Every structure is written in C-alpha cells, then in structure tokens.
Amino acid sequence: MNGLLDTIRSTLAPVHREGYRFVAIFAIVTLALFVFVADWLGWIGVVLTIWCAYFFRDPDRVTPLREGLVISPADGRVSAIEEVVSPPETGLDGERRVRVSIFMNVFDVHVNRSPVAGRIAAMSYIPGKFLNAELDKASDENERQGFRIEMADGTAIGMVQIAGLVARRIVRFAKEGDRVGPGERVGMIRFGSRVDVYLPSGHNPLVAIGQRAIAGETVLADLASDEPEREARLG
C-alpha cells in the first residue's frame, strides 16, 4: 500500500515553474480544438496536456548527506561508464576522469540536481547540435552546460548537461559562485537529454550500465571508499 501511495505521489508531483507556460499553451490549444475543430482532436489535446504536466513534474527527493557521496544529478538510465579526457566545459583542465553518463528519456523527471555539496567554481555554456544524446559524440557536438563544483576539501566534480534530439533548451537555476548542497536543484533540460558526471581519478562508480538512477537519491560513487567497481547482471 505504501508503495502504491509513493507511486501516486510521484506521478502527481507539483509542476516546476518552468513548465507553467507550456502546460498553459497545451491547455489553450486543447480548448480551441474542442470549440473550433473536433472533440476527438480535443481529447488528444487533453492527453498531451496531461503529458506536458507530467514531463515538468518536480518531486521531492530524500538525499543521503554523508561526506564523500556523489549523488546522481539526473533521473534516467546509466548509459555509459568510461575513462575519458574531461572536456573544457568542466573546467577540469583535461584531466582523465571516469565519466558516468545518465540518459533521460521524455518520461523521466528532467530537473537536474547537484551531485555534491560545494561551490560552483565555474560554469560554461557551449552551443551546438541536437544529436541523439545517447551517442558518444553528443558529449563533443551537442549544446551543453558544464559545471565545476569544488567541495570543501578542494576536490572538484565535473557535471555536464547535454541537450538531446528533442531537447531544445538547457535552463539554469544556479549561477557561478553559488554554494549548493547535494541534491539541490541546479537546472533542467527540456524534452529528453543526458547528464555526465566526471569523478575524481582513483574513485570507482557504484552503479552499472543499464541501471536506473534517481536524481538526488542514487549514490553514484563514494569518495571516502576504495571499494572496487561493482559488477552487475541483468535478470
């Protein structure tokens, strides 16, 4: 019963203010379809309006607060884990880092959260294309917004929001110099996209490719632990 109630609460989560005008536009068009065109088209509009409100939902999350935890900044599927050279927009000076990529489809919550507590030391917006966000080259060619977040001990975490095939805008809720807590809302990508997290060298992710991540709740890594990379199976 509690699980059912949690599902209902998540489904009926409040709409983020960024979605108000989109929901209003969908609703106005739907009303016009009922009045001036045909009822069956109006009912399609009703479904699309409900979906729009669902897309912009912004549920509360319960974030682990222990020092050293790196929390998922996005809802979605872990689509890739690989060691790469960090891109310029992260402000990490081209260091080799383990990149954890989380792909958000159009049914996921699209509000993105800070993976750690710290200060946003640098932000960099890069205009670009709108390729499928699951493609590896999307990291270099798509529109994206990079963050360098410095923790109290000087450790830096890189995070990049990447617009996708349908996404057409990255919205920032935070600015350079802001202090953020783990799980604090820092931005949104509209209509399908990806978020990459760049872990400090020598630290293994605690998630596996294909795993579902929940923004503000799923632990991606533990910087206070030397636990080896986890193995996983599909079953």
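The values are calculated or read from the model by the stated rules, or taken from the named source; none is laboratory data. These figures come from a predicted structure and were not determined experimentally. For neighbour counting, all protein chains shown are included, and Cβ atoms are generated from backbone atoms with ideal geometry for every residue, glycine included. Ligands, DNA and RNA are excluded from the accessible area calculation, which covers all protein heavy atoms including side chains. Shrake-Rupley method; radii C 1.70, N 1.55, O 1.52, S 1.80 Å.
Quick notes on this one:
- Between the stretch 26-103 and the stretch 196-235, the Cα center-to-center distance that results, in Å: 20 Å
- Estimated [θ] at 222 nm from DSSP helical runs (n ≥ 4, -39500 (n - 2.57)) normalised by residues in the chain, nearest 500: -5500 deg cm²/dmol
- Amide H contacts of residue 220 (H built 1.01 Å from N, under 5 Å, at least 5 apart or other chain): 70, 71, 72
- For residue 186, the residues whose modelled amide H falls within less than 5 Å of its own, excluding neighbours fewer than 5 places apart on the same chain, are 112, 113, 114.
- Whole-Hz ³J(HN,Hα) from phi, Karplus 6.51 cos²θ - 1.76 cosθ + 1.60, for the stretch 16-24, glycine and proline x: 5, 4, 5, x, 3, 5, 5, 4, 5
- C-alpha long axis of helix 2-11 to longest principal axis of the chain, angle in °: 70 degrees
- Whole-Hz ³J(HN,Hα) from phi, Karplus 6.51 cos²θ - 1.76 cosθ + 1.60, for the stretch 204-211, glycine and proline x: 9, x, 10, 10, 10, 4, x, 6
- Carbon plus sulfur fraction of accessible area for the stretch 26-124, probe 1.4 Å, in percent: 67 percent
- Protection proxy ranking of 28-41, 194-207, 169-182, by the mean of other Cβ atoms within 10 Å over each peptide's residues and highest first, is 194-207, 169-182, 28-41.
- The residues of the stretch 146-232 expose on average 43 square angstrom of accessible surface per residue, using a 1.4 Å probe on protein heavy atoms.
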